[in-house]
Amino acid sequence: MTLFTGFPPIKGYRWFNIGVLILSPSLALYGYHRLWSHRSYNASLPLRLFLLMGGTSAVQGSCYWWARAHRAHHRHTDTDRDPYNSKRGLLWTHIGWIIVKSDLHSGTTDISDLRNDPLIQWQHRWYFTLQAIFGHLLPAMMPGLIWNDWKGGICFSGALRLTLAHHASFAINSLAHYLGETTYDDALSPRDSLTTAILTLGEGYHNFHHQFPTDYRNAFHWYQYDPTKWFIAICSLLKLAKNLRVFPRNEIQKGALRMKLKELKTLQDSLQWPREEEDLPVISWDSFQEQSKSRDLILISGFIHDVSSFMKQHPGGEELLRSSIGKDMTSAFFGGVYSHSSAAHNLLAMKRVGILMGGVERISERTVPPAARLYILDRLNNTESYMKS
Ligand SMILES: [Zn+2]
Ligand SMILES: [Zn+2]
C-alpha cells in the first residue's frame, strides 16, 4: 500500500482549508517570535493587529507569556533556566515542558518593553476570550457559514490546524536543537537544517538564529527556506514594516569561516606532518657527506632527506635517485631536471632528517610544502608548527 492508494481523482482543492493550515501557524511565528520576542523590525499598527490576531489564532498562549518564555530560552539556552532545555531530551523539549509539572522555573529576562506595550498587555488581559474567537470559533465557523461545511470547519480549520501549528512550534524547541549543522557556532545546541525549516514553517536555521537573534531573517541566504523573512521583506516594501535589523554580514561570515576552519583543523590534526624545524639536528656539509655513505641522504632546499625507503618507489627511477645521494638536488627537484608535483613536495618534506648548517632559507616556496602553506594554528592552545619559524 502506497501513500496514495485509494486516493480519488482530484476535482479541485479546498483553498480555505489549505490556507488556514499553512497561514495560521506561520502567523504565530511572524509576530510572536520575530516582532515581539526579538524586536527584529518595527511594524505599523495595522500589521501589528493582524499579527497579534494571527498569533492568537494559533492558541499558543498570550504573546506576553510566549515571548517571556522565548527570551528566557535565548538567555539561558541549554541550562535548567531554559524552559525547553535541550539537555533534557527531545520529548521534554518538544512537549514535555508544556504538559508536565516540575520544580523547574524559567530564568529571568528583561520584558520591560512588553510590560509597557499596551497592545500586548491588552491581548494578555483578554487572551482567553480572544483565543476562543480567533483560535476556535472563527476558523470553525467560516467553512460552515460559507460552504455549509461545519464538519470540515471543526476538523480541518479547527482541530488539525491547531495540532499542526503546535507541533510546528514545538519542533523549533526540539528538532531545531537536535538535527543539522552548527554553521556559525558549536558552543550550544541550536542547529541549521532544511528538514526542520520545512517542518517548522521556516524556523529551521536555528544555529543562525541563536547567534544573531535580532536579525529579522532566520536563514542568512535569500534562497534558504524562511517564509517569515520574505513576508517581512514584502511588508517593508509595502511600508507596513520598517527598521528591519540585520547583523553585519562581515561578522556573520566570520562565524561561518571559524566553523569551517574548525572542521579543517580536525582533518589537519588527523594527518602526519614533517618534523618541526627545531627538532631536526643541524648537520655540517662534511658530516652530510660522511653519513651519505651509509644512508641514502639527499639535500634539497637546505633540508637533508633520508630517501632509503623511497628508492624503489621513485617514479623517475631508482637509478636517478641513487645518483643524487650526497648531493644538493634543489634546482633539479624544482625544475632543473623535472618539476616535481605538489604531492611529491609534500612527500619529500616527510623524509626530512636534518638541516644543513647555514643552508635553510626562512619561509619560501621551496621550504614549505604545498599542503602546509595554509596550516591552521590554534592561538589559544598555542599549537607549535615547523612553519612558524
Ligand atoms: Zn532555540
Ligand atoms: Zn528566537
_Every residue from the stretch 131-174 that is crowded, with 19+ Cβ neighbours inside 10 Å and either polar (S, T, N, Q) or modelled with pLDDT of 95 or more (or both)_ = Q131, S157, S169, N173, S174
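Looking at G354, G359, which is the one that is surrounded by 12 or more Cβ atoms within 10 Å (Cβ to Cβ), part of a strand (DSSP E or B), assigned by TED's automatic domain parsing to the domain that holds L321 and touching a residue at least 12 places away in the same chain (Cβ under 8 Å)? I'd like the intermediate steps shown before the answer.
On the way: G359 fails: part of a strand (DSSP E or B).
Being surrounded by 12 or more Cβ atoms within 10 Å (Cβ to Cβ), part of a strand (DSSP E or B), assigned by TED's automatic domain parsing to the domain that holds L321 and touching a residue at least 12 places away in the same chain (Cβ under 8 Å) holds for just one of G354, G359, which is G354.
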_Count of residues meeting criterion [part of a helix (DSSP H, G or I) and surrounded by fewer than 19 Cβ atoms within 10 Å (Cβ to Cβ)] in the stretch 37-63_ = 5
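Residues of the stretch 196-209 being of a type outside the set (G, A, S) and out of contact with any helix residue (DSSP H, G or I) (no Cβ under 7 Å at 6 or more places or on another chain), which ones?
I198, N207, F208, H209
Right, H70: within 15 Å of ligand 1 (Cβ to nearest atom), of a type outside the set (K, R) and surrounded by fewer than 19 Cβ atoms within 10 Å (Cβ to Cβ) or not?
Working: within 15 Å of ligand 1 (Cβ to nearest atom): yes; of a type outside the set (K, R): yes; surrounded by fewer than 19 Cβ atoms within 10 Å (Cβ to Cβ): no.
Answer is no for this residue.
Would you mind stating whether L188 is surrounded by 22 or more Cβ atoms within 10 Å (Cβ to Cβ), within 11 Å of ligand 1 (Cβ to nearest atom), of a type outside the set (V, I, T) and within 17 Å of W92 (Cβ to Cβ)? Spell out how you get there, then give the answer.
Values: surrounded by 22 or more Cβ atoms within 10 Å (Cβ to Cβ): no; within 11 Å of ligand 1 (Cβ to nearest atom): yes; of a type outside the set (V, I, T): yes; within 17 Å of W92 (Cβ to Cβ): yes.
So L188 fails the test.
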*Please give the number of the condition L138 fails out of (1) hydrophobic (A, V, I, L, M, F, W, C); (2) more than 15 Å from ligand 1 (Cβ to nearest atom); (3) touching a Gly at 6+ places or on another chain (Cβ under 9 Å).*
(3)
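Of everything in the stretch 335-351, what is surrounded by 12 or more Cβ atoms within 10 Å (Cβ to Cβ) and modelled with pLDDT of 90 or more? Give them in sequence order. Quick ask: steps written out before the conclusion?
Of the residues in the stretch 335-351, the ones surrounded by 12 or more Cβ atoms within 10 Å (Cβ to Cβ) are 337-338, 340, 344-351.
Hits for the stretch 335-351 are A344, H345, N346, L347, L348, A349, M350, K351.
The values are calculated or read from the model by the stated rules, or taken from the named source; none is laboratory data. All values derive from a computational prediction rather than experimental measurement. Neighbour counts are summed over all protein chains in view; Cβ atoms, including those assigned to glycine, are modelled from backbone coordinates with ideal geometry.
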